[in-house]
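Engineer: Encoded as structure tokens, here's the structure I'll be asking about.
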Amino acid sequence: TTTTTTAAAEDYYGSPEERAGWVRYQQQFNSFLGPVGRSLYALQLEEWFEGLEAMGRDPKRSVFVVRNEDMKTNPDTVYNKVLWFLNLEGKSVNYTSIMKTHYTAELSETTRQILMEVLAP
């Protein structure tokens, strides 16, 4: 059921098994640039944050994360927040008027299989 699947996903998130799956994926593709790795943002961000902290920098002041859901629902607000983060707020433009994208592609069976193999607990 959906509730069982959601509970299993919540248990998996942040677990040692998730990290092990990420390491297997990186070894398989020799990077995070494969079709699945490009979508595993939380794991990639953890690595960036660890690197920034190792350099003595505060990730919250160095990285601005934009969720796709927010960009879809209110692109102008998100775009202006990005400009603010970059100290470019005086450069505001109407983002919606210059960006028109819509993705409708389904997940390919090959990518689905890679996901199943790499992320298996």
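Values quoted throughout were computed directly from the atomic coordinates according to the rules given, and no laboratory measurement underlies them. Please read these numbers as outputs of a predicted model, since none were measured by experiment. Here the Cβ is made from the backbone with ideal geometry for all residues, glycine too, and neighbour counts use every protein chain on show.
Engineer: Using a Förster distance of 30 Å, how high is the FRET efficiency between residue 110 and residue 17, based on the Cβ-Cβ distance and rounded to 0.05?
Structural biologist: 0.80
Engineer: Rounded to the nearest 0.05, what FRET efficiency do residue 47 and residue 77 give with R0 = 22 Å and r taken as the Cβ-Cβ distance? Could you check?
Structural biologist: According to the calculation, E is roughly 0.15.
Engineer: Pop a pseudo-label 7 angstrom from the Cα along the beta-carbon direction at both residue 60 and residue 24 and give the gap in nm to one decimal.
Structural biologist: For residue 60 paired with residue 24, the spin-label model returns 3.5 nm.
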